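The values are calculated or read from the model by the stated rules, or taken from the named source; none is laboratory data. Every value quoted in this text rests on a predicted model; they were computed, and no experiment measured them. As a convention, Cβ positions derive from the backbone with ideal geometry for all residues, glycine included, and neighbour counts pool all protein chains shown. Surface areas here come from the heavy atoms of the whole protein model, side chains and all, with no ligands, DNA or RNA. Shrake-Rupley method; radii C 1.70, N 1.55, O 1.52, S 1.80 Å.
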Amino acid sequence: MEYDFKSIESKWQEYWASHKTFKVKEDASKPKYYVLDMFPYPSGAGLHVGHPLGYIASDIYSRYKRLKGFNVLHPMGYDAFGLPAEQYAIQTGQHPEVTTTTNINRYRQQLDRIGFSYDWEREVRTCDPEFYKWTQWAFLKMFDSWYDPAQDKARPISELIARFETEGYEDITPAAWKAASEKEKSDILMRYRIAYQGETSVNWCEGLGTVLANDEVKDGLSVRGGFPVEQKKMTQWQLRVSAYAGRLLDSLEKLDWTDSLKEMQRNWIGRSEGTEMVFNTICGDREMPVTIFTTRVDTIYGVTFMVLAPESDLVGQLTTPEQKEEVENYLKYVKTKTERERIAETKTVTGVFSGSYGINPVTGEKVPVWISEYVLAGYGTGAIMAVPAHDSRDYAFARKFGLPIVPIIEGCDVSEESFDAKEGKMCNSGFLNGLDVKQAIETAKDYVEAHGLGRRKTNYRLRDAIFSRQRYWGEPFPIYYKDGIPYPVDEKDLPLTLPEIDSYKPTGEAPLARAKDWTYKGYPLETSTMPGFAGSSAYYLRYMDNHNGEALVSRDADEYWRDVDLYIGGTEHATGHLIYSRFWNKFLFDLGYICEDEPFRKLINQGMIQGRSNFVYRIVGTNKFVSCGLKKDYDTTEIHVDINIVRNDKLDLEAFKAWRPEFADAEFILENGEYVCGWAVEKMSKSMFNVVNPDVICDTYGADTLRLYEMFLGPLEQSKPWDTKGIDGVNRFLKKFWRLFWDREEWIVTDEKASAEELKVLHKLIGKEQADIENFSYNTTISAFMIAVNDLTAAGCSKREILEPLVVLLSPFAPHIAEELWHRLGHEDTVTYARFPEFNAAFAAEDNVTYPVQFNGRMRFTIDMPKSAAPADVEAAVRAHEQTPKYVEGKTIVKVIVVPGRIINIVLK
RNA sequence: GCCCGAGUGGCGGAAUGGUAGACGCGAUGGACUCAAAAUCCAUUGUCCCUUAAAGACGUGCCGGUUCGAUCCCGGCCUCGGGCACCA
């Protein structure tokens, strides 16, 4: 029988679906293993071959773990709320839900063809009310909680209220609390809630009509849509992620993630240890204290001015009447700049003098207070002490405005640039003179604390997450307003479902404001919706128990599945989803809803698959096309050509003429009778005609070939271009594998006993596969498989004793063909739950080892020795070897180095 | 500017201190065939050379450690990714 992948693949896909082969439930008798993919946003373009890369890798691992006896949870779902569906709705008037459902169905079809072992009964969709009920529920819990720094965890807000009432907390005394109005109490609590409403500087995107989180903005443009983004002060719902900054940083240590990903998170969280210090300022005849933050207190003697952020509240208070006009002009100027302009112009230095002066708390010196956009309101205290000699930004500012530059490190040259390094000896610095910089930092910190001038402070760059979006296609907030005070919707009334609206067009107000009867108990509901990351922050918990109507996840299910053992996804979520999820998880952990404080134990970033575009070269002014190798002789224009009419970089001339009317009468200048196209690696995109659809590969080669090929392409974590060049190789391998069982129409598997040689081939492969799969080195496993199959083909081995284990070994990679052969071998059950063959090192061992013998590192000859031979015996054999003397010739053997089983090296003198 | 990662044949890549180039693609030659496809066999890093043997060179560049370095250390170059006025 021929290897007919089409009938085999559809047959087993149907079998798996109808037998619910991959359905799992908690089973205390088996160890659990949770393998998770980052669920996709179902876009209208469908899947291209890059998407399944990670899914295939995780599916192979899941299938491998099942063979190893684990109870594997391997679910899939859709991150279905989001901007593209809504933008499409704006253009066409079609409800985003319709678009989303259509796209999901298409995705599901494509996924099903690849033979994934998902338990589809656990599917989740973030836009499903039964799902977003729990997103809303978590928000209510966050609204109803505060972060207690003493316990370093989130606690119910009722505990804080109890403290206000009895002993008071921070600046709120029991008397003040009692005297406060309902509105005032709400405002006070907002300062503590984990989910809170507050005014902050936000990324406002006019093009999308909504605010965006920091990770949704790149280079001053929105990640979705690429519209410009500006800074604006607005009142928004926020999540107090910053309260978790320390814990998010510290527990990175125990995670099995790549160093680069951990590093990215560390940078994003941005811990910096410094000092908060108070400078008294004089504004005309008024005095007021200003707190600054610095990591370099040691440079206090080099302070020559101070700078405030333009958005800082201090600006109004520290501007003298004489400077008022100038300052206001500057603030106006800053406001008109978009974020993008700000980034583009980081080199231009701007600023204005406030008219005030600050008093250096250590030296008593009087320094001017300036205002400049290079100081950020959102970090530290929004005010700094400037030390131009030792900070490049202060230096540039001082140069521009002619402010003094005072070096305080011995021998440094600040005539051209500042000296930022933390090294050298202090000078011009009173009590710090003569100290090394590192010592001076500590000494100065102690000094400041001892003299009551300030205190040590750790700051984080990580900001609170802005949680509201002025959009339609997202989770509604379970919040309503009474007398301007926000109140939570009753938990029993969840889900609060998204209302219908008649038009999705942006009008400047939030779309939900146009919904009819958008009220709760007669009061208006919040009209913002939640951002994309809301639904994706706890979806992995929901998979554990997705039909539960009573809880996000039941205690039993959570205690069984606990956390994700292996998470595979792209690195683009490093600072978004992976921070929010960890935060969300820690919050639920604090309140005791779940039992693990980190969600993803091991994480692998699969590389991107880029497109490989092809080009033709048209001679300028003609309709003549010249082959790539000859193009240097002509003046040509490079034109993208559809990769579907190119094979191995050779253009199909007839197909090209038919491709576009303007090419119908094209002429060609060939080399060696063929038209060779140029190529380049680019992002996979429609406009470059380089998109490869997995369905096409499934049609021509089959899903098993696609799976093998994507893994054979190279290391999982590496980005690589898609190139079908090598796909015939893995396809050939599958055909060869098939032919071990079939000779044309005849089934040739025998029950003959396997030889030692054949057992060795099998056990070497088992050992290799076991080791490589654990390291996700799938490409080398496949290589080992090819070698084994070649060896067996050459030996004419079709023995059940060898082939049956081989089928099991292949099943994670190419499940369809494995299932078919498993069935043909007479098994009633599925290969999915077969046992991974036991590795026997004795079979795999080499009897004799061939040692290469080197003199001073150069290979000279080889000798065969039993593997068990002691190094001394090997050495004796080498010295006795007939070839040795001729190489030694007048030199003496200094020593013989024997690396057991590997190599022998003779050192000569 | 700062922080990570990577540089190996015509191509994708293998080997993390021990015979560099596994495995696959492509290419060349051959077998089978009327022919094609499919399949199988052989060769395939570079140089010297009619060929073989033998040799020399060879993992971005320069240096170091080692009997021995693609691998470890120091410096540089190139490419990719992340962050970017974070005081």
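Before moving on, here are some points about what is shown:
- Within segment A:210-301, strands (runs of 3 or more DSSP E) holding 3 or more residues that are within 16 Å of RNA strand B (Cβ to nearest atom) and either in contact with a Pro (Cβ under 6 Å, 6 or more places away or on another chain) or hydroxyl-bearing (Ser, Thr, Tyr) (or both): A:271-283
- Residue match in segment A:885-892 (condition: open to solvent by less than 90 Å² (accessible area, probe 1.4 Å) and modelled with pLDDT of 75 or more): no
To keep it simple, each residue is scored yes or no on (1) open to solvent by 70 Å² or more (accessible area, probe 1.4 Å); (2) over 18 Å from residue A:276 (Cα atoms); (3) touching a strand residue (DSSP E or B) at 6+ places or on another chain (Cβ under 8 Å); (4) more than 16 Å from RNA strand B (Cβ to nearest atom).
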| site | (1), (2), (3), (4) |
| --- | --- |
| A:365 | yes, yes, yes, yes |
| A:368 | no, yes, yes, yes |
| A:371 | no, yes, yes, no |
| A:409 | no, yes, yes, no |
| A:449 | yes, no, yes, yes |
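- Annotation: residue A:497 fulfils all but one of (1) part of a loop (DSSP other than H, G, I, E, B); (2) out of contact with any Ser or Thr (no Cβ under 6 Å at 6 or more places or on another chain); (3) crowded, with 20+ Cβ neighbours inside 10 Å; the unmet one is (3).
- Cβ separations smaller than 8 Å between residues 6+ apart or across chains give the following pairs from segment A:630-655 residues that are at pLDDT below 80 to residues that are open to solvent by 90 Å² or more (accessible area, probe 1.4 Å): A:648/A:725; A:649/A:679.
- Scanning segment A:54-98 for residues that are in a helix (DSSP H, G or I), touching a strand residue (DSSP E or B) at 6+ places or on another chain (Cβ under 6 Å) and among the polar types (S, T, N, Q) turns up A:58, A:62.
- Segment A:757-800, residues that are open to solvent by less than 10 Å² (accessible area, probe 1.4 Å) and more than 11 Å from RNA strand B (Cβ to nearest atom): A:762, A:765, A:766, A:769, A:773, A:792, A:797
- Given (1) surrounded by fewer than 22 Cβ atoms within 10 Å (Cβ to Cβ); (2) over 16 Å from the mean Cα position of the chain (by Cα), number of the condition residue A:576 does not satisfy: (2)
- For segment A:701-734, taking the residues that are open to solvent by less than 30 Å² (accessible area, probe 1.4 Å) and part of a loop (DSSP other than H, G, I, E, B), the one that is farthest from RNA strand B (Cβ to nearest atom) is identified as A:702.
- Search result, residues across segment A:616-641 that are within 27 Å of residue A:52 (Cβ to Cβ) and open to solvent by less than 30 Å² (accessible area, probe 1.4 Å): A:641
- Boolean, residue A:737 is crowded, with 22+ Cβ neighbours inside 10 Å and within 15 Å of RNA strand B (Cβ to nearest atom): yes
- Of all residues in segment A:866-878 being over 51 Å from the mean Cα position of the chain (by Cα) and of a type in the set (A, V, I, L, M, F, W, C), the one that is farthest from RNA strand B (Cβ to nearest atom): A:876
- No other residue among A:22, A:81 is buried (at least 19 other Cβ atoms within 10 Å of the Cβ), farther than 15 Å from residue A:115 by Cβ and aromatic (Phe, Trp, Tyr) apart from A:81.
- Scanning segment A:101-134 for residues that are without any contact (Cβ under 8 Å) to a residue 60 or more places away in the chain and crowded, with 19+ Cβ neighbours inside 10 Å yields a single hit, A:125.
Matching residues to (1) part of a helix (DSSP H, G or I); (2) among the hydroxyl-bearing types (Ser, Thr, Tyr); (3) touching a residue at least 12 places away in the same chain (Cβ under 8 Å); (4) closer than 23 Å to residue A:276 by Cα:
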position: A:394; (1), (2), (3), (4): yes, no, yes, yes
position: A:404; (1), (2), (3), (4): no, no, yes, no
position: A:416; (1), (2), (3), (4): no, no, no, no
position: A:420; (1), (2), (3), (4): no, no, yes, yes
position: A:438; (1), (2), (3), (4): yes, no, yes, yes
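- Each residue in segment A:513-538 was checked for being touching a Ser or Thr at 6+ places or on another chain (Cβ under 7 Å) and in a helix (DSSP H, G or I), and 4 of them qualify.
- Segment A:368-380 residues that are on the phi > 0 side of the Ramachandran plot, paired with ones that are open to solvent by 10 Å² or more (accessible area, probe 1.4 Å) and away from RNA strand B (no atom under 12 Å from the Cβ) (beta carbon under 9 Å, 6 or more apart): none
- Breaking point among (1) modelled with pLDDT of 90 or more; (2) within 12 Å of RNA strand B (Cβ to nearest atom); (3) over 34 Å from the mean Cα position of the chain (by Cα); (4) open to solvent by 20 Å² or more (accessible area, probe 1.4 Å), for residue A:349: (1)
- In segment A:428-446, the residue that is nearest to RNA strand B (Cβ to nearest atom) out of those that are in contact with a Phe, Trp or Tyr (Cβ under 9 Å, 6 or more places away or on another chain) and open to solvent by less than 60 Å² (accessible area, probe 1.4 Å) is A:444.
- Residue within segment A:68-77 that is charged (D, E, K, R), more than 23 Å from residue A:541 (Cβ to Cβ), more than 24 Å from the chain's Cα centre (by Cα) and at pLDDT 95 or above present: yes
- Flag if residue A:39 is under 18 Å from residue A:573 (Cβ atoms) and not basic (Lys, Arg): yes
- Here A:561, A:584 are screened, and the one residue that is in contact with a Ser or Thr (Cβ under 9 Å, 6 or more places away or on another chain), away from RNA strand B (no atom under 16 Å from the Cβ) and either within 26 Å of residue A:153 (Cα to Cα) or of a type in the set (A, V, I, L, M) (or both) is A:584.
For every residue, the table says whether it meets (1) aromatic (Phe, Trp, Tyr); (2) open to solvent by less than 10 Å² (accessible area, probe 1.4 Å); (3) under 30 Å from residue A:70 (Cβ atoms).
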{"residue": "A:817", "(1), (2), (3)": "no, yes, yes"}
{"residue": "A:824", "(1), (2), (3)": "no, no, yes"}
{"residue": "A:838", "(1), (2), (3)": "no, no, yes"}
{"residue": "A:847", "(1), (2), (3)": "no, no, no"}
{"residue": "A:880", "(1), (2), (3)": "no, no, no"}
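- Residue in segment A:826-833 that is within 16 Å of RNA strand B (Cβ to nearest atom), among the β-branched types (Val, Ile, Thr) and buried (at least 18 other Cβ atoms within 10 Å of the Cβ) present: no
- Filter pass, residue A:809 being modelled with pLDDT of 95 or more and crowded, with 19+ Cβ neighbours inside 10 Å: yes
- Boolean, residue A:389 is within 13 Å of RNA strand B (Cβ to nearest atom), part of a helix (DSSP H, G or I), closer than 11 Å to residue A:304 by Cα and among the hydrophobic types (A, V, I, L, M, F, W, C): yes
- Segments classed as strands (runs of 3 or more DSSP E), wholly inside segment A:798-909, with at least 3 members that are within 26 Å of residue A:760 (Cα to Cα): A:848-855, A:858-866
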